[in-house]
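Data first, discussion second: the structure below is written as structure tokens.
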Amino acid sequence: MQSASQPTLYRSLEALPDRLTGEILDGQLHTQPRPSGPHVRVAYILAGKLGPYDEDMRSGGPGGWLILVEPEVHFVRDIEVAVPDLAGWRRERMPYLPEGHRFEVVPDWVCEILSPSTRSTDREIKLPLYAHYGVQYAWLVDPTKRTLEAYRLDVGAWVETGCLVNADQVVVPPFEEAGFDLGVLWASRRPVVT
């Protein structure tokens, strides 16, 4: 039975100011500030590198996926709500975008970009939650340590499929064909010329 506090919790999430991202994880509202510049840049570059997998963006790549930045994933509508930095769905499981902002199909892959304010939540709360709801693949990207940890779900537990550092080649499930240099995520940004 749904308690009266749960719908109120989602209303609290909806009422957050734009500068905060909210999630309802294990019955608690978690908030964090919008990501920093380096965090956003890593998400943008990573989404671009995975573009050949995205059916709508592919240019000679394998396709077959829908990859999105910061979707609001409802594992249980308005009760268990996560906002991964990136998420991907195989097209046969989610052929069309939902009309609203709620994504109620469990992603096949999620990626969390670790920051000092989210590191423990991403590892200790969100990874177990993703496993519980059957997300098949998870990546943790740490811009500070310059690492990418890749996991696949096996009988309800995460099994590491790769731990990449600095400029290693990214050839880990579920995007083995991506084959990009991890170092592009950390490359220094060029100054804007006006």
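Rule-based calculations on the coordinates, nothing more; no lab input. Just so you know, these numbers come straight off a predicted model, no measurement behind them. Methodologically, a virtual Cβ is constructed for each residue, glycine included, from the backbone with ideal geometry; neighbour enumeration extends over all protein chains shown.
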Given 20-31, 96-107, 131-142, the highest-first ranking by average Cβ count within 10 Å works out to 131-142, 20-31, 96-107
Of the candidates P17, P52, P84, which one comes out as most mobile in a Gaussian network treatment of the chain with C-alpha springs shorter than 10 Å? P17
For the chain, take the longest principal axis of its alpha carbons; what is the angle in degrees between that and the long axis of helix 37-49, to the nearest 10 within 0 to 90? 70
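Run the numbers for I45 and I79: contour at 0.36 nm per residue of separation, minus the present Cα-Cα distance, in nm.
Result for the pair: 9.1 nm of gain on full extension.
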Structure-based [θ]222 nm, the chain - -39500 (n - 2.57) summed over DSSP H runs of at least 4, per residue, nearest 500: -4500 deg cm²/dmol
Give the Rg (one decimal place) followed by the Dmax (whole number) of the chain, computed from C-alpha coordinates and expressed in Å. 16.7, 59
Degrees separating the helix 5-14 axis from the principal Cα axis of the chain, which is the longest one: 40
The chain, Gaussian network, Cα under 10 Å: of T161, T121, T147, the residue fluctuating most is T121
The distance between the Cα centres of segment 122-194 and segment 78-117, in whole Å, is 15
Run through all the Cα pairs of segment 27-127 and give the fraction in each 5 Å bin from 0, expressed as whole percent. 2, 12, 22, 23, 20, 13, 6, 1, 0
